[in-house]
Every structure is written in structure tokens, then in C-alpha cells.
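Student: Encoded as C-alpha cells, here's the structure I'll be asking about.
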Number of protein chains: 2
Amino acid sequence: MARGAMPLRITGERVEALDQTALPAAVRYFEFDSVETVAEAIAMRVRGAPLLGLVGAFGMAIAARTAGPDAATLHSAAARLRAARPTAVDLGRAVDQSLQAALALPEHERADALWLRACDYLACRRAEDLALARRGLELLPRAARVLTHCNTGPLATGGIGTALAIVTLGHERGLIAHCFTTETRPLLQGARLTTWELQTAGVPTTLLPDTAAAGLVTSGQVDIVIVGADRIAANGDTANKIGTFGLALAAVRARLPFVIAAPTSTIDFACPDGAAIPIEFRPADEVGGYGGQRWAPDGIAAYNPAFDVTPADLVTAIVTERGTARPPYGASLQRLLEGG
Amino acid sequence: MARGAMPLRITGERVEALDQTALPAAVRYFEFDSVETVAEAIAMRVRGAPLLGLVGAFGMAIAARTAGPDAATLHSAAARLRAARPTAVDLGRAVDQSLQAALALPEHERADALWLRACDYLACRRAEDLALARRGLELLPRAARVLTHCNTGPLATGGIGTALAIVTLGHERGLIAHCFTTETRPLLQGARLTTWELQTAGVPTTLLPDTAAAGLVTSGQVDIVIVGADRIAANGDTANKIGTFGLALAAVRARLPFVIAAPTSTIDFACPDGAAIPIEFRPADEVGGYGGQRWAPDGIAAYNPAFDVTPADLVTAIVTERGTARPPYGASLQRLLEGG
């Protein structure tokens, strides 16, 4: 984990989390010392679906140690952690699995077991991210100039990242010449977090407004577009951060590879195609301003979906920790999951 | 001029300009009472290439009235106005033409002649914009839901606007159901100005992050995309505000009409195609922040072109005040300019 940022820092039995809201202005860690500090962190200061799962697992370990290992206390801690961000699937799953695992043990073993479980989870996350990144390296041309979108680095996964780990690992191995990153309105994860992670990892980096992406991609200054995924349907249609679809259209126009990098846990065979993927709409006030600053008139309506769906016909490859799927994706993704 | 915003207000011999930097928070006019107030307005408080031309013409009239009609004074005023924004082509042309016209007259006639000339120029701008908007109405489907980009309303042209005038005039005539507008990073003209102009004109309006445009265009909620142009090459390739090209790619994917609305003065037959159109790059600090707020790390490089070029094969029609060009554009644009 020398490369890039560290969103969780484990020292002995101490867990500290990086306050992502303070980035890039300040690198500030705070300690998880109670269920309440973990819940507040989940609600406010950490983000990224896989990272939230890790934080939930450590939160349950801290609950058992600081509040007590009895069933009532653990149930109450699990409810508090889940409620801090009710829509985070990885968080809810990690908390529930930790709770069930603990309840199956005698009370005096629970605190240690939950701690070991969380540490294992972190180790698995790092190993899975690394496996994915290594697969991704095979797709890079020489001295690759990559465009990416949103934030898919350590700050998102808690490991070494997904799409961005291909860039940072590739840079370590001399395969990456440059990384372009979009601002990623409205929440600006690219401008705030990806730039900082790339700087921290020493990768030559250029930031662009989302509006400049299509022109850049077709200008001859980019060799490959690599992005993450929130959910991949059985046919390869991919939901990811709003703006991804536009990048795919530009890549196809430029005849450049458009690559999705995401763990197999993102593949949802219950969704036959993109039309079945539910799209979350976020608050209107994220559009027309940022932070305390407003630039749009009061009372303006806003269209603010969190994700868009990139149709599978625009996707060159889907890289996972188990291998790389190619079109047609229906059969190819199935083979990956079956370990074929 | 009842509809929408009025960037210049003429009362008797008094000219007031709307301070566009104060929008949308405040609607504040200030008087042009000296060459210096006009120059400061050009540098800071008004924008839009055609509007800057008008302001230059009124600036020369005010120079003759307040500073004097002698050749030395007028030459000095022209130099001051041009220097306030050296890259503004319409401004430079309007100032030079006013200067030459004045110098051809006896000194005592110059102030009145420059004033009449500026008022004529404003009347022509309004008439030309109106002619363009009427042509544009012919392209609208019933109860059209339009997506537009950047700012192409009265605040940009000083008349009734170009692409946005099709929307406001269409709305007056019951042809427009809804207008979607992008934020238009990095300078946010869509979020700050177009929203305000549409609200002022009473058009039902929704603002979206630039990242959401491709998803919206392909979602079935938009019928037509209409944008302006900064320069149109002989073959129809069109330079316009950064982000336009991405909207065109999305419109083509969705099989929707993608329409350019711009006066014939924008057509540059000296440019055979888009590759010959020079693209201005703007300061890096416009990316990674807005106004006094920074969200990117210090020292990050930025890619910040002012324009992109939409290839002619993506453009459904080019609407001008003289008529509408259709592919193949080479011959069609030529016929328009010849009045055919």
C-alpha cells in the first residue's frame, strides 16, 4: 500500500480514517473510538461503496470492544451503522454478516473475532483490487495516456482502487505516461479526490472540465478510457457515475478502447440489461452550486441522476479481478463468474 | 423586446448596461457615462461577442459626446475600447467602423452620427436575431422539449438571442413545452445566465450538470438539441462552446435533430473545415474551482479549451437569419450567403 492514498490506517488495535471531506486542502485522520464516531464518519466523512463496507466491518468490531459483545448491544450498533447511510448496499451487507458471525460465537470471543474478520476483509479488498489492476495492465498500450472519470482509487475502495489502480500500478511499472481526469460534476470527485490521489502517487495528471472530455478524447492526446462501475447487467450494460456514457460515445467516435474496471461483485445477473438497473436521483441543490456557493437562480428545477447507463455495444472490455470479459458479454461474464 | 432579459437599456440619450457578473443574484444596471465606464464594462461586466460589438459602437458615441469629437480623442477612445478585450473580433470591428465613419464627417456632426449609428446597429441586431428565430421555429416538433448549452440569449447578442431566441419565441407561440440547459463548466454560463433568461421569459426550465446531458438526451425526455456557434467552417464543421461536441454525439446516438443556430456572420469560408479553426485555450485556474472557491489541489495542470469543433456529419441543420442550411453544407451555406 505504498502507492497512493490510505483511507484507513490500522496500527495495532487502532483504526483511523482519512477525512475525505477535508481533501485536497488537508490530509486529516480521525480515530474510530466508538460506534458513534464510525456512524458519523459513514454519514459524512468517508465514501465509496467498497470502503463503506470495510468501515461497517471495523465499526462492528469497535462496537463489541467499546460498547459490549452482548446481542442487544451488537444489534443496536448494527442498526445505528446501517442507518447512517441506508442506501449503501456493501455497508449493510458487511454489518449484517459481522453481526451474524458474532452472534454465532460465545460472547467472550466476539470482540476478537470481529476485529480479525474486519482485518481479513481489508486484506481481501487489497488482494482483489491488486488482481484487478494486474489484469488491467494487459490492456494498456505502451506509454499509455489514460482518461478516467470520478474517483475509483483507494479512497473509493479502501484497497488500491479499481480503474485508478490500473493507472497507479501501471505508472509504477513504467506503462503510463499521463492521466487525464474529469472534474465529475456535480460532486467533483475527480477534481477533489482523483487529482489528489494521482498527485500522491506521482502520476503526471491533467484535470479537465467534463465539457472538454469529448474534444480531448478525439484530439489524439488520449489512448484509452478506463472507468469504474456501480452495477453491470448480465448483457454488459454498465451503470456508473453520471457522465460515463458521454465518455463512451466519445471513445467510440475516436475508435479508442473504452474499458470498465470493476470487481465481479458489481455484476448483477438479476438485471438482464441496463433498463432494469434502478437509477438513483440526487437532490436538486447539488446542481447550480457547490459547497456554500450558488451560481444558479433560486427555484430552478434540476435533473440530477447519480448514474447513467453505458450500453454494452460501446464497451471494449470489462476487467475484473477474475479476468477480462469481451463482447458478447452475456456469455463472457458468465464464464468469469464460473471461474472458466 | 418584451421577452427575456435586456442587456442594454436605451432611454433618450442614456445607455445603461446590465451587470452580467451580478446575475442571477441581482439585476443591476449601470450607466455608460464615459469611455472609461464602457471600457471597464467590456473588460468585466458584459460578455457575448455580438453584444460586445454593440457596446463598442455605443462606446464610440459616448466618447464623442463626453470627451470630444476631434480625431485625436476618437483615436484614443477607440484604442482604449479595443484594448479592454483584445481578442473580441466583433468589438474591434465595430469600434474601427465607427471611428472611420466619424472621421469622414465634419467634427460637429460626429457625436450625433455615432449615436444614430449605434442605435441602427442595435435595431439591426434585433431584426437579424428575430429573423433567425423565426427560421428556427420551422424546425420545432409540437410541444418541443429542447436541450441547449451555454448562453445564446439576449445577454449574449444584445438582440433577442440566437439558439435561445428560438426557445423563447417558440414558447410565446405555444411551440415549446420545456427547455433543459446545461451548467456549462467551467464558466457556468448555462447555470448563471441561461436559467435566468428562461425564468425571466417564463419558459419551464430544468438545469443539469454537463455530465448528465448524454443520459438525458437518450432518455426520451428531449426532442431536439439547439446550440449556437462561434465559427462555422465552409464544410459545416462548427466551433462552439466547449461541450457542444459531446451533445452532438449524444443527439446522434438518440437519433434526435442536432441544430446549430447562428448568424451568417459566423460562417468563415476562409476555414475549409474544423481543423483550420483556431481554438483558444483559457487559463488553467478556471478549472478546479469557481469564483473564490477552489476544489482541486494546488498545482494541478488543467486542459481548458474555450471551444470544441463539432464535425458537420453530426449536424442536422444550420439555421441562420437568411435561411436554413442542410447537408452537404459546402453548397448549402454558399447558397445562403449568395441569397439563393
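The values are calculated or read from the model by the stated rules, or taken from the named source; none is laboratory data. Computed from a prediction, not measured in an experiment: that's the story for all the values here. A quick note on method: Cβ atoms are made from the backbone with ideal geometry, for glycine too, and the neighbour counts reach across all protein chains shown. Note: areas computed on protein heavy atoms with side chains; ligands, DNA, RNA excluded. Shrake-Rupley method; radii C 1.70, N 1.55, O 1.52, S 1.80 Å.
Student: Share of antiparallel DSSP beta bridges in chain B, in percent to the nearest 5?
Tutor: Here the antiparallel bridges make up roughly 50 percent for chain B.
Student: Could you compute the net charge surrounding A:ARG82? Neighbours are other residues with a C-beta less than 15 Å from the C-beta of A:ARG82; K and R count +1, D and E count -1.
Tutor: Residues near A:ARG82 contribute -1 overall.
Student: Taking only the C-alpha atoms, wrap a convex hull around the stretch B:260-340 and report its volume per residue in Å³ as a whole number.
Tutor: Value for the stretch B:260-340: 129 Å³ per residue.
Student: Now for a different question. Please work out the Cα convex hull volume for the stretch A:141-220 and give it in Å³ per residue.
Tutor: Value for the stretch A:141-220: 78 Å³ per residue.
Student: Largest first, how would B:ARG80, B:ARG185, A:ARG192 line up by accessible area (1.4 Å probe)?
Tutor: Ranking B:ARG80, B:ARG185, A:ARG192 by accessible area, largest first, yields B:ARG80, A:ARG192, B:ARG185.
Student: Also, quick follow-up: How charged is the neighbourhood of B:VAL95? Take every other residue with its Cβ under 13 Å from the Cβ of B:VAL95, and add Lys/Arg as +1 and Asp/Glu as -1.
Tutor: In short, +3.
Student: Let me ask something else. A:THR206's amide H: which non-local residues (gap 5+, or another chain) put their own amide H closer than 5 Å, with H modeled 1.01 Å from N in plane and none for Pro or chain starts?
Tutor: A:CYS179, A:PHE180, A:THR181
Student: When a/c reaches 1.5 or more, the comparison of a/b and b/c decides; with that in mind, is the stretch B:249-288 rounded, prolate or oblate per its Cα gyration tensor?
Tutor: Oblate.
Student: When DSSP beta bridges are limited to those with both residues in the stretch B:182-340, what percentage is antiparallel, rounded to the nearest 5?
Tutor: 55 percent
Student: Mind checking the mean number of beta-carbon atoms from other chains within 10 Å of the Cβ atoms in A:179-190?
Tutor: 4
Student: Compute the Kirkwood hydrodynamic radius of the stretch B:70-133, taking the inverse of the mean of 1/r over all pairs of distinct Cα atoms, and give it in Å to one decimal.
Tutor: For the stretch B:70-133, inverting the mean 1/r across all distinct Cα pairs yields 12.8 Å.
Student: Add +1 for every Lys or Arg and -1 for every Asp or Glu among the other residues with Cβ under 12 Å from the Cβ of B:ALA57, and state the total.
Tutor: Once all neighbours under 12 Å are counted, the net charge is 0.
Student: I've got another one for you. What are the equivalent ellipsoid semi-axes of the stretch B:19-110, built from the alpha-carbon gyration tensor (square roots of five times its eigenvalues), in whole angstrom, biggest first?
Tutor: 24, 14, 10
Student: Scan around A:VAL15 for amide H atoms under 5 Å from its own, H built in the peptide plane at 1.01 Å from N, and keep only partners 5 or more places away or cross-chain.
Tutor: A:PHE32
Student: Please state the shape class of the stretch B:75-227: rounded when a/c is under 1.5, otherwise prolate if a/b exceeds b/c and oblate if not, all from the C-alpha gyration tensor.
Tutor: It comes out prolate by the Cα gyration axes.
Student: Could you list the GluC sites (Glu not before Pro) in the stretch B:271-324 that lie in coil according to DSSP, counting only those with at most 13 other Cβ atoms within 10 Å of their Cβ?
Tutor: Answer by residue number: B:GLU280.
Student: Let me ask something else about it. Rounded to the nearest Å, what's the spacing between the alpha carbon centres of the stretch A:164-242 and the stretch B:225-246? Just the number, please.
Tutor: Spelled out, the Cα-based centre of one part sits 26 Å from the other.
Student: Also, I was wondering about something else. Let me check the size of the protein assembly as shown from its C-alpha atoms; what are the radius of gyration and Dmax in Å?
Tutor: Calculated on Cα positions, Rg and Dmax stand at 28.3, 105 Å.
Student: If you don't mind, there's one more thing I want to ask. With the radius of gyration and the Kirkwood radius both derived from the Cα set of the stretch A:110-183, what is their ratio Rg to Rh?
Tutor: Using Cα coordinates only, the ratio equals 1.11.
Student: Give the Debye-formula value of log10 I(q)/I(0) at each listed q (0.07, 0.11 Å⁻¹), with one equal scatterer per alpha carbon of chain B, two decimals each.
Tutor: Scattering profile of chain B, log10 relative to I(0): -0.29, -0.72.
Student: Further question on the same structure: Would you mind checking the tilt of helix A:107-137 against the longest principal axis of the Cα atoms of chain A, expressed as 0 to 90 degrees and rounded to 10?
Tutor: Long axis of A:107-137 versus the principal axis of chain A: about 10 degrees.
Student: For peptide B:305-314, compute the average count of partner chain beta-carbon atoms within 10 Å of each residue's beta-carbon.
Tutor: 3
Student: Here is a further query. Would you mind checking the radius of gyration and Dmax of the stretch B:175-285 based on alpha-carbon positions, in Å?
Tutor: Cα-based Rg and Dmax for the stretch B:175-285 come out at 14.8, 41 Å.
Student: Within 10 Å of each Cβ in B:191-204, how many Cβ atoms from other chains are there, averaged over the peptide?
Tutor: Per-residue shielding by partner chains comes out at 3.
Student: How much of the DSSP beta bridge set in the protein assembly as shown is antiparallel, as a percent to the nearest 5?
Tutor: 50 percent
Student: Mind listing which trypsin sites (Lys or Arg not before Pro) in the stretch B:198-307 are in a DSSP loop and have 15 or fewer other Cβ atoms within 10 Å?
Tutor: Within the stretch B:198-307, the qualifying trypsin sites (Lys or Arg not before Pro) (loop, at most 15 other Cβ atoms within 10 Å) are B:ARG255.
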